[in-house]
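Chemist: Quick one: structure below, then a few questions.
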Amino acid sequence: MTGMELRATHASKDSEMEDGIKKGLFSSSKTESSSVKILMLMVPLLLLSVMVVSRSSSRWISFASLAANTTEENGVGKDLRHMVAGESEKMLSAYNASQFELQKSTPIVNRRLHPLHVLEAKLQQARASIKKVRKNDTINDLDYKPQGPIYRNPSAFHKSYVEMEEHFKVYVYNEGEHPIFHDGPCGNIYSIEGNFINRLETSKFRTTEPEKAAVFFLPFSITQIVHFIFDANASDYWLPMKQTVKDYIETVSRKYPYWNRTLGSDHVMLSCHDWGPELSKSLPELFNNSIRALCNANTTEGFSPSKDVSIPEINLPGGKISDSIGGPPPSKRPILAFFAGGVHGPIRPILLQNWESKDPEMQVYKYLPQNLSYTEMLKKSKYCICPSGYEVASPRIAESLYSGCVPVLISDNYVPPFSDVLNWKSFSLEVPVKDIPNLKKILMGISPRQYIKMQRRGAAARRHFEVNLPPKRYDVFHMILHSIWLRRLNLRFHGGQFS
């Protein structure tokens, strides 16, 4: 991929220096020995000129020393060492060619690194800090300390989260108007779109200075595009929706340099609609390069766990979750397993065929009887069955965690939300589609002690799926941001290119 060339600034500064020489800012009236002394003074001045202040820390960052300490695999250290060495050679060449001497009144030539180099150096510091953390290290945090088996590495997650809070900035493009841009649903099954967009635009993570941004957010709502543009009678109903996404990206890419310099690699789109993956194909770079935060995290449809982000599908009727939170202890949950939902997709018909009205301990319904409350059934059940529909994601996963019910995921090729941080096996059960006929046997095979552990761990993991207004640390808004932050850390800047 072709990135932005960063040498133009240095070339212009070299030109200014040469003009200064021609205008007599330097003279040749002294002896050769005096000139050598002056040369010795110029070298430290040069090194000082490539020092920058880190605004996120009270320490000075010298890119000359930082380059010596960064890893070669990242490419930043090597690039910066070459930059410093190259500038020294240019200055020495200018001196030897002119045999001039620096006068006392000569101003220092200010050689500024490109902001992308500065940003990448800060991200490299964050990477190094996270790598240094050992699994059982403790980090002071009065608010919350991740711990226990629900996390893959609680200490590393904690350190990464703190680094995100300190350094992560997101630029949201201002272009576009409601209702398709800067807006989205907040009270239905796709509510995560509107909630995330609205909270991001008013959060401390948003920056109005794009040069300080680690990622760039594309503020369109796929759900709104489908609602306002989709025409079922059109011969190609995909075309106008894809054209809307394409036109927006082409607009910002013409107006700003940021999309073109990385071919979209540091840009983010978010969608909870089933058609999000398909509409991300509007531009090859959006599908192949950009960070896509998707509810429909299906690996057979191009979802890449190392690049893309799986986000939870959360149904928020009325825009709140307060009535769903909490439930009785394990000893007061008489129902073994529960499911109620429509028949769509290939998995649910198999579930209903095997278990609907077949066993009183397996409460499986196509349509929930009117005398039963869906929320109360969740809270009375030990296990809540979460099968995929037409697409892999299901709002029942979050609903199960809200109500204290252990989720049973039945889906093929699905990457659960926040899997890079959360150890889903510790608080949920994954059952292959082929094992649906043996579902009760599988559930009964889990010991009471193991079930209680899973139930309690699910209650601990619940905070990461809660929707709050305003957002709270470690809630679903911040977990989505953290997943995006991790994907951005996976991007490495190599002397003008991203990889």
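The values are calculated or read from the model by the stated rules, or taken from the named source; none is laboratory data. These numbers come from a predicted model, not from an experiment. FYI the Cβ positions are ideal-geometry reconstructions off the backbone, even for glycines, and counts take in every protein chain you see. All accessible areas refer to the heavy atoms of the entire protein, side chains included, with ligands and DNA or RNA removed. Shrake-Rupley method; radii C 1.70, N 1.55, O 1.52, S 1.80 Å.
Chemist: Looking only at residues in region 103-145 that are assigned to a loop (DSSP other than H, G, I, E, B), hydroxyl-bearing (Ser, Thr, Tyr) and open to solvent by less than 80 Å² (accessible area, probe 1.4 Å), which one is modelled with the highest pLDDT?
Modeler: So, considering only residues that are assigned to a loop (DSSP other than H, G, I, E, B), hydroxyl-bearing (Ser, Thr, Tyr) and open to solvent by less than 80 Å² (accessible area, probe 1.4 Å), the one modelled with the highest pLDDT is TYR144.
Chemist: Restricting attention to region 447-497, report how many residues are within 17 Å of the chain's Cα centre (by Cα), open to solvent by 20 Å² or more (accessible area, probe 1.4 Å) and farther than 19 Å from ILE321 by Cα.
Modeler: 5
Chemist: Within region 166-195, track down each residue that is of a type in the set (Asp, Glu), under 21 Å from LEU218 (Cα atoms) and open to solvent by 20 Å² or more (accessible area, probe 1.4 Å).
Modeler: Across region 166-195, the qualifying residues are GLU175, GLU177, ASP183.
Chemist: I've got another one for you. Is it true that VAL162 is open to solvent by less than 30 Å² (accessible area, probe 1.4 Å) and of a type outside the set (S, T, N, Q)?
Modeler: no
Chemist: Among helices (runs of 4 or more DSSP H) lying entirely in region 168-271, which contain 3 or more residues that are farther than 20 Å from ILE291 by Cβ and modelled with pLDDT of 95 or more? So that I can check it myself, show each step before the final result.
Modeler: Details: elements: 191-201, 222-229, 238-255, 258-262.
Where helices (runs of 4 or more DSSP H) fall fully within region 168-271 and carry at least 3 residues being farther than 20 Å from ILE291 by Cβ and modelled with pLDDT of 95 or more, they are 222-229, 238-255.
Chemist: Taking the condition of being of a type outside the set (Val, Ile, Thr) and in contact with a helix residue (DSSP H, G or I) (Cβ under 8 Å, 6 or more places away or on another chain), how many residues in region 368-379 meet it?
Modeler: Here the count works out to 3.
Chemist: Can you list the helices (runs of 4 or more DSSP H) found entirely within region 436-499 that contain at least 1 residues being modelled with pLDDT of 95 or more and more than 19 Å from SER426 (Cβ to Cβ)?
Modeler: 439-444, 476-490
Chemist: Here's a follow-up. Quick one: in region 377-391, which of the residues that are at pLDDT 95 or above and open to solvent by 40 Å² or more (accessible area, probe 1.4 Å) is farthest from LEU316 (Cα to Cα)?
Modeler: LYS382
Chemist: Only one of SER290, SER324 is touching a Leu at 6+ places or on another chain (Cβ under 9 Å) and within 18 Å of VAL467 (Cβ to Cβ); which? Steps first, please.
Modeler: Working: SER290 fails: within 18 Å of VAL467 (Cβ to Cβ).
Only one candidate qualifies: SER324.
Chemist: Here is a follow-up. When only residues in region 223-238 that are exposed (fewer than 13 other Cβ atoms within 10 Å of the Cβ) and among the hydrophobic types (A, V, I, L, M, F, W, C) count, which is farthest from the chain's Cα centre (by Cα)?
Modeler: ALA234
Chemist: In region 294-330, how many are open to solvent by less than 10 Å² (accessible area, probe 1.4 Å) and in contact with a helix residue (DSSP H, G or I) (Cβ under 6 Å, 6 or more places away or on another chain)?
Modeler: Number of matching residues: 7.
Chemist: Still on this structure, please answer the following. Inside region 294-404, counting only helices (runs of 4 or more DSSP H) that do not spill past its ends, which hold 2 or more residues that are hydroxyl-bearing (Ser, Thr, Tyr)?
Modeler: Once the helices (runs of 4 or more DSSP H) in region 294-404 are filtered for at least 2 residues that are hydroxyl-bearing (Ser, Thr, Tyr), what remains is 374-380, 396-403.
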